[in-house]
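So the structure is just underneath, and the comments pick up after that.
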Amino acid sequence: MGESALVSLACSQCCQRLEADALWNTCPACGGVLLAQYDLDHARRSFRPEALRDRSWNLWRYAELLPVRDPVYRLTLGEGGTPLLAATRLARELGLRTLWLKDESRNPTGSFKARGLAVAVSRAVELGAHAVALPSAGNAAAALSAYAARAGVPAYVFVPADTPPTIVRECLAYGARVYRVRGLITDCGRIVRQLARERGWADLSTLREPYRAEGKKTMGIELAEQLGWRLPDVIIYPTGGGTGIVGMWKAFAELEALGLVGPERPRFVIVQPEGCAPLVRAFHSGAERAEPWEGATTVAPGLRVPATIGDALVLQAVRASRGTAVTVSDREILDGMHFLARTEGLLVSPEAGATAAALRRLRESGWLSGAEEVVLFLTGSGLKHPELLPTDDQVPVLDPDDPRSLERVVASETEHP
Ligand SMILES: *Cc1c(COP(=O)(O)O)cnc(C)c1O
Ligand SMILES: [Zn+2]
């Protein structure tokens with residue numbers, strides 16, 4: 001395994017440099033997002049395709065580009081190393097040459113939040129944290145709870161009161177202290193900031209500390225590695241706070257500096273639901289920052305993020321990549337989710353369903369010609385949303401001793417779509 005090449009933190013807004021081996025949240029001078037900086041000349045010596053080949057398939061294989069220095073602190077539940085699946089049936093149906101599905105639902109705790117929190121909890125504990133906390137729409141809370149259990153430190157998670165019960169119960173199962181808040185993730189965030197300051201917890205709110213983005217960055221590195229050290233033409237990403245976009249954009253720059261990919265970048269497509277689309281609105285109005293969204297509501301909890309501290313970074317990345325931003329309705333999100341299950345055998349979360357909905361829209365509008373190589377990020381598992389799966393009350397119950405029972409099965413053979 002490689003050694004971390006972390007050297008410092010840099011404010012993305014005022015460029016101030018900070019010492020990396022202390023716990024920081026946002027920039028003390030201007031409140032901007034802090035990003036980890038690496039000595040890439042140093043990393044280049046061991047971070048080579050041949051050297052990586054012998055490392056295990058979890059995100060720690062990219063240790064040089066991650067912040068944890070002592071391998072003892074690298075918590076793992078097997079995060080990362082998710083499959084990149086060719087979606088031939090879906091591609092044919094939508095008239096696309098090459099379509100890949102990055103199946104992030106296979107991560108520990110059923111979503112890609114495991115990547116960010118594996119790294120952030122590891123690093124916080126390495127830097128002496130004795131308790132960790134965050135606001136979450138659900139999946140980050142579950143991932144934090146699991147990694148905190150793994151590290152043996154208490155986790156305090158704050159989620160909107162209407163968070164899917166399966167996810168709340170999952171956090172409880174990991175032994176986390178869970179609080180439901182009347183309000184949205186932004187309201188949970190205010191509580192965490194106050195209590196973290198008073199109680200000395202490490203506040204792991206996304207992009208309000210530098211290392212969750214580092215964990216999510218590994219999606220971009222892994223994608224490049226799986227494609228044989230090249231990048232696709234288009235990435236479609238369901239966007240809440242935008243940490244994944246910030247992380248992958250950073251990853252591509254680091255890989256270019258290491259000589260592993262060229263200067264071309266995939267076009268980023270951010271997808272948000274019609275009921276909460278602050279970044280899409282800002283993108284199309286030409287704004288550099290996004291106004292908070294009033295009355296946010298959607299079936300996809302991970303996308304119900306009315307405001308993000310990463311807004312400027314996300315918008316810059318989407319524009320610099322010559323990408324775009326689209327909204328989809330809740331109906332399209334659910335259709336996308338069920339379509340992925342029936343067409344490709346992947347039971348994904350509503351956020352992931354949104355990418356399939358956006359793909360269809362972009363193909364229909366002509367933004368995608370069909371000749372591009374496209375990757376959808378399927379960020380979470382549908383198993384965490386039993387409330388969105390088909391109900392079982394229409395499923396026949398057979399009596400094994402009644403021959404008419406079996407006649408029903410035979411009759412239904414012809415009914416299949
Ligand atoms: C958090 C979450 C998102 C949004 O991720 P960001 O990188 O914060 O924009 C998308 N999908 C799922 C399943 C999530 O849990
Ligand atoms: Zn600053």
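Results, tabulated for the structure shown:
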| read-out | value |
| --- | --- |
| Packing-based ranking, highest mean first, of 170-180, 287-297, 399-409 given that Cβ atoms within 10 Å are counted | 170-180, 287-297, 399-409 |
| Whole-percent carbon and sulfur share, accessible surface of segment 18-161, 1.4 Å | 50 percent |
| For segment 310-383, with +1 on Lys and Arg beta carbons and -1 on Asp and Glu, the positive-most of Ala357, Gly336, Ala317 along the dipole | Ala317 |
| Cα lying deepest toward the dipole's positive end in the chain, options Gly80, Val33, Leu94, charges on Cβ | Val33 |
| Segment 1-80: trypsin sites (Lys or Arg not before Pro) falling in loop per DSSP and having at most 16 other Cβ within 10 Å | Arg53, Arg55 |
| Cβ crowding within 10 Å averaged over residues, with 316-328, 116-128 ranked highest first | 116-128, 316-328 |
| Heavy-atom accessible surface of segment 276-338: percent carbon and sulfur, 1.4 Å | 51 percent |
| Given charges at beta-carbon only (K, R positive; D, E negative), |dipole| of segment 92-251 in Debye | 180 debye |
| Debye, to nearest 20: dipole size of the chain, +1 on Lys, Arg Cβ, -1 on Asp, Glu Cβ | 1000 debye |
| Segment 229-241 - phi-based ³J(HN,Hα) in whole Hz, Karplus 6.51/-1.76/1.60, Gly and Pro as x | 6, 8, 10, x, 7, 9, 10, 10, 10, x, 10, x, x |
| Relative contact order of the chain, pairs being alpha-carbon contacts under 8 Å that are 6 or more residues apart, as % | 16 percent |
| For the chain, accessible area per residue (1.4 Å probe, heavy atoms of protein chains only), Å² | 42 Å² |
| Accessible-area composition of segment 344-383, carbon plus sulfur, in percent [1.4 Å probe] | 51 percent |
| Proximal lysines to Lys217, defined as alpha-carbon separation beneath 21 angstrom and excluding residues fewer than eight positions away on the same chain | Lys102, Lys113, Lys250 |
| Accessible-area order (highest first, 1.4 angstrom probe) of the listed residues Cys188, Cys30 | Cys30, Cys188 |
| Given charges at Cβ of Lys, Arg, Asp, Glu: the chain dipole, positive-most of Ala133, Ala173, Gly382 | Ala133 |
| Charge dipole magnitude, Cβ of K and R +1, D and E -1 - segment 263-364, Cα centre, debye nearest 20 | 300 debye |
| Eligible aspartates and glutamates near Lys216 by straight Cα distance, threshold 13 Å, same-chain separation 8 or greater | Glu79, Glu104 |
| Under the Karplus curve 6.51 cos²θ - 1.76 cosθ + 1.60, θ = phi - 60°, whole-Hz ³J(HN,Hα) for segment 147-163, x wherever Gly or Pro sits | 6, 5, 4, 4, 8, x, 10, x, 10, 10, 10, 10, 10, x, 4, 9, 4 |
| Karplus (6.51, -1.76, 1.60) ³J(HN,Hα), θ = phi - 60°, over segment 274-283, in Hz, Gly and Pro reported as x | 4, x, 6, 9, x, 6, 5, 4, 5, 4 |
| Segment 314-393: chymotrypsin sites (Phe, Trp or Tyr not before Pro) falling in loop per DSSP and having at most 14 other Cβ within 10 Å | none |
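The values are calculated or read from the model by the stated rules, or taken from the named source; none is laboratory data. On a predicted model such as this, the values are computed, not experimentally measured, just so you know. We place every Cβ from the backbone using ideal geometry, glycine too, and count neighbours over all the protein chains shown. When the accessible area is computed, the model is the full protein with side chains, heavy atoms only, and any ligands, DNA or RNA have been set aside. Shrake-Rupley method; radii C 1.70, N 1.55, O 1.52, S 1.80 Å.
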